[in-house]
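Below is one structure, written out as structure tokens, with a few remarks after it.
The values are calculated or read from the model by the stated rules, or taken from the named source; none is laboratory data. Remember, predicted model here, so these are calculated numbers, not experimental data. When we count neighbours, we look across all protein chains shown, and the Cβ atoms used for this are built from the backbone with ideal geometry, even at glycine. For accessibility, only protein heavy atoms count, side chains too; no ligands or nucleic acids. Shrake-Rupley method; radii C 1.70, N 1.55, O 1.52, S 1.80 Å.
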Amino acid sequence: MKEYPIYIGGKSRKSSSGKTFETINPATGKALAKFQEGTRKDATSAIKAAEIGFKKWSNVPAPKRGDILFNVAVILKKRKKELAKLLVMEMGKVLPEALGDVQEAIDVFEYMAGEGRRLFGHTTTSELSEKFCMTIRRPLGVVGLITPWNFPFAIPAWKLSAALICGNGIVFKPSSDTPLCAITLVEILYEAGVPRDVVNFVTGPGATVGDEIIQSNKVFGISFTGSVPTGEYILKNAGIKKVGLELGGKNGIIVMDDADLDLAVDGIIWGGYGTTGQRCTAASRVIVHTKVKKQLEKKLIARIKKLRLGSGLDPKTDVGPLINQSTLEKTHSYTKIGLSEGAKLLCGGKYGQRTGFFYQPTLFTNVKKNMRIAREEIFGPTVVIIEISNIDEAIKTMNDVDYGLSSSIYTQNIKNSFKAIEDIETGITYVNSSTIGAEVHLPFGGIKKTGNTREGGIHGIDEFSEIKTVYVDYSGTLQRAQIDNK
Ligand code: UN1
């Protein structure tokens, strides 16, 4: 089995522990490749190398950095199919979605490449004459990127592209479930012309490699996508540095009595069971009007029964495996919790019919908003139906969770649409479309326990740059603000 290195200062290295771990194909349970189990020492070396890389890279004009990011997009485009297949092998999502994942990476590299010719600051007036005021953007220095496994190309690409265009040095620690996609992306960056010491790559446990990056006083920014407990840990332990967190979700779809039900069913199936429910944006709650509840349930059951589980490479497959054994067990534990809470299981709730980490698409109804299955993120193919009788109750139910990432409403009523747009407490709201499918040129992120940042779009560069305020006084005299401005 092939063994992959870590990259420090662009050089291939083995872990200082001498230990390795395996990345697994979740559809078969078989190992694909070996990776280095990095250590605190390896993380420290990576940070040192990134400091050197940063000095060079931050002096490269941003449009030139943009040219290199554009090359990344070109290579990704050329290799799109092959990369998508690799993604399916390592993470399990179905091929069309894997192609979408790679496309999202292409899109964000293209977008951020263009940002190299903007990176706008402001100019403004001064309260004094012969004085000029403006803001400019400066990189943070060395930043740590800690990424999840559910979008093995797209999410690292959001962070890498934005961090690079702003001129930072990088230490990149991917999820131990998808290091093969991650190292492939890093090698594409090198091939495209990113200086090798600018992007340092260390695989290994969060508790050591991740923790060293988080706590280092040589690192000035952390961008993390993952779980709430880890996000809270980072906030408590990172010290004074810029921390961007993208955590969980318990996203809902409101279906009002005037909704196009077939359209809503399409949205629920896509949002709830696409990526086997393993998206931060996945639709895990359906908040449905009493008048259409029965009808919606019937339509959903009919569709769910037709969903075929299998390898993501098989064109007949609708739903791929979960990422690993512990996710499978977590998903099943929530089925048991739902049943013990008194919810009614309409379909699914089983596993073990085939090798690999497969779980049947699961639907619960008669769910009350205080039940754990209605409040906690499962990150599997489990959707719960909660009944409401008017728009105010629907919005109240939607907001009655700790998370605030994505939301959706299906209705023909313009007033209810705008009520939802304004009053739902999430970073993203869709009207007559599912909760998933964010585009890279718009900001992505949430509120409440979901996080504190926005990635993608023009706001995506805020996470990786500081605003510096500049005053230029060309009067030749001492002019005192607030005092000499009469
Ligand atoms: C995530 O699950 O963390 O909007 C990211 C979407 C995708 C990104 C999801 N474009 O569903």
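A few comments on the model shown:
- Reference-scaled alpha-carbon Rg (2.2 N^0.38 Å with N residues) for segment 288-357: 1.31
- Amide hydrogen neighbours beyond the local backbone of residue 410, cut-off 5 Å, H modeled: 254, 255, 256, 432
- Net charge contributed by nearby residues that have their C-beta within less than 14 Å of residue 328 (K/R +1, D/E -1): +2
- Partners of residue 448 within straight-line reach, counting lysines whose Cα lies under 19 Å from its Cα and excluding those fewer than 8 residues away in the same chain: 236, 242, 250, 369, 396.
- Remark on the chain: ratio of C-alpha radius of gyration to 2.2 N^0.38 Å is 1.03.
- Solvent-accessible area per residue, Å², over segment 47-180 with all protein chains present [probe radius 1.4 Å]: 36 Å²
- The packing ranking, built from the mean of other Cβ atoms within 10 Å per residue, places the peptides 356-362, 312-318 in the order 356-362, 312-318, highest first.
- Other residues with beta-carbon under 15 Å from the beta-carbon of residue 21 carry, at +1 per Lys or Arg and -1 per Asp or Glu, a net charge of 0.
- Under the Karplus curve 6.51 cos²θ - 1.76 cosθ + 1.60, θ = phi - 60°, whole-Hz ³J(HN,Hα) for segment 424-434, x wherever Gly or Pro sits: 6, 8, 9, x, 9, 10, 9, 10, 6, 7, 6
- Extent along the principal axes, Cα only, for segment 251-431: 49, 32, 30 Å, with the longest axis given first.
- Accessible-area composition of the chain, carbon plus sulfur, in percent [1.4 Å probe]: 53 percent
- Solvent-accessible surface of segment 365-437, taken per residue with a 1.4 Å probe and all protein chains present: 41 Å².
- Between residue 222 and 144, 242, 243, 244, the built amide H atoms are under 5 Å apart, and every one of these is 5 or more places off in sequence or on another chain.
- Net charge contributed by nearby residues that have their C-beta within less than 11 Å of residue 251 (K/R +1, D/E -1): +2
- Tensor-based shape of segment 1-83 (alpha-carbon gyration tensor, a/c under 1.5 rounded, otherwise prolate or oblate): oblate
- Amide proton proximity set for residue 131, modelled H, under 5 Å, gap of 5+: 474
- Spatial separation of Cα centroids for segment 116-149 and segment 388-445, in angstrom: 32 Å
- Rg over Rh, two decimals, segment 391-486 (C-alpha only, Kirkwood Rh): 1.27
- Overall form of segment 155-270 per C-alpha gyration tensor (a/c, 1.5; a/b vs b/c): prolate
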